[in-house]
1. Could you order the peptides 417-426, 324-333 from most to least packed, using the average number of other C-beta atoms within 10 Å per residue?
2. With r defined as the distance between the Cβ atoms of residue 418 and residue 114 and R0 fixed at 35 Å, what FRET efficiency is calculated, to the nearest 0.05?
3. Using only Cα atoms, locate the centre of the range 50-74 and the centre of the range 303-365, then give the distance between them in Å, rounded to an integer.
4. Multiplying the sequence separation of residue 161 and residue 348 by 0.36 nm and subtracting their Cα-Cα distance, what value in nm do you get?
5. Got a sec? Which residues in the range 291-325 would a label at residue 499 touch, if it sits 7 Å along Cα→Cβ and we count backbone N under 18 Å?
6. Under 13 Å from a point placed 7 Å out from the Cα of residue 403 along the Cα-to-Cβ direction: which residues of the range 441-475 have their backbone N that close?
7. Please give the FRET efficiency for residue 194 paired with residue 84, using the beta carbon to beta carbon distance and R0 = 35 Å, rounded to the nearest 0.05.
8. What are the principal axis extents of the Cα atoms in the range 112-179, in Å, biggest first?
């Protein structure tokens, strides 16, 4: 039964939480080992109705294992789980769902060859009195669940035709449709833009106000402080502590996770730059947009910042041929490119010019998940060789990259799909660092990556520029751009509206530049 709390206020804000609200879920002294590896060691976690509880820690801290135990995917070696004081024996995800526990894992579980409605009711399809599947009921209930998220998707539409963001919302709608008391959201915003995040947050608050207990796993600090009531931190499979979000600072939370403060995560800027490597002049992303120009020198990390969806990604992909600009010129190392580049061969052409492109979606566009780490790192080297050349094992290159990037895996033959998000991202970067390129174009360098792995990636990119490389990067995390980069271009409405040194930038200045440009354009 749902317990309703004052609209828009959690139990912590409403004054109802003074020890009087009982725990909806109690996970007591949970331990779990896989072979000789201890994933969890006597971890306890309490979840209260009407609250959003953040679960944080570096990759490998045990977050996913703990939640998979609550979701019935794994069974604990020791420990107990109680729901409303009653002991649960969760032998399967079906048991968890029947108990009112629903999960949206980071790795999408939808079947692309089935419709949205078929995915929503998979394994529990309603039937007519004649024993046939009741598609009409499935479609109507699916439409209702999607409508609660503000979506107008057709329930009969195949999942394979959906965007990543739409698939994420379908996963969340599945939880809503199941009417679960406990919702586990694992990196729910990793594939969403700012507008979609706002929609998701509104729905999370609505579910919280209906008395749901929501576990929220995210590496984005601003989301934790905006949305969550409590935060529990795990490290190396052990409980570090649980705190009220209102009583902890960002620096203190980071210190709980990795043992160092926010300012220590970013490498020092060199302040030195070499020859010009990239020049963009009078580029018009669309027919009606204002022209933009920028330069990038060796030794620099330069950012494209601004509000979500203002043309940063379109501009970056214009450089590789995946988006065709209306006009303008692009030069790399003094060589003017013939525009527009081919969508099918633009990236290969840029590789010949010593340029690499690191896409945002590492799983769909970057990595070969079923292939070993070794293949994923060296595929860029193989692609630069003649088709008739004998294959080279590149053993020393692979070993050097895995050591330099601190890739945690059983060995180079381990499938990339078996690695954590942070290690997958390092493998993808390793491919381009191994290729000894001059320029990297990077989308969302730390998407879905924990705070410790973020710091490692920041240092890898800075080391690349210290050796004479250059990086042009875009990210939804403004703090990341300010801490990592040398210069920042603010993009608004498909053009550059401001440029500033990163050392003098702030979130306020960047936002002000974007909003001021918007106001001027409206006038």
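1. Values: 417-426: 21.9, 324-333: 17.0.
So the order, starting with the most tightly packed, is 417-426, 324-333.
2. That gives a FRET efficiency of 0.85.
3. Taking the Cα centre of each part, the range 50-74 and the range 303-365 sit 38 Å apart.
4. Numbers: separation 187, 0.36 × 187 = 67.32 nm, distance 2.73 nm.
My answer for the length gained is 64.6 nm.
5. 291-306, 312, 315-316
6. Under cut-off, by backbone N: nothing.
7. Values: r = 37 Å, r/R0 = 1.06.
My answer for the efficiency is 0.40.
8. Between the extreme Cα coordinates on each principal axis of the range 112-179 lie 37, 25, 18 Å.
Computed from the coordinates by the stated procedures, all read-outs in this text should not be read as laboratory data. Just so it is clear, the model here is predicted, and its values are computed rather than measured. Glycine also receives a Cβ, built like all others from the backbone with ideal geometry; neighbour counts cover every protein chain displayed.
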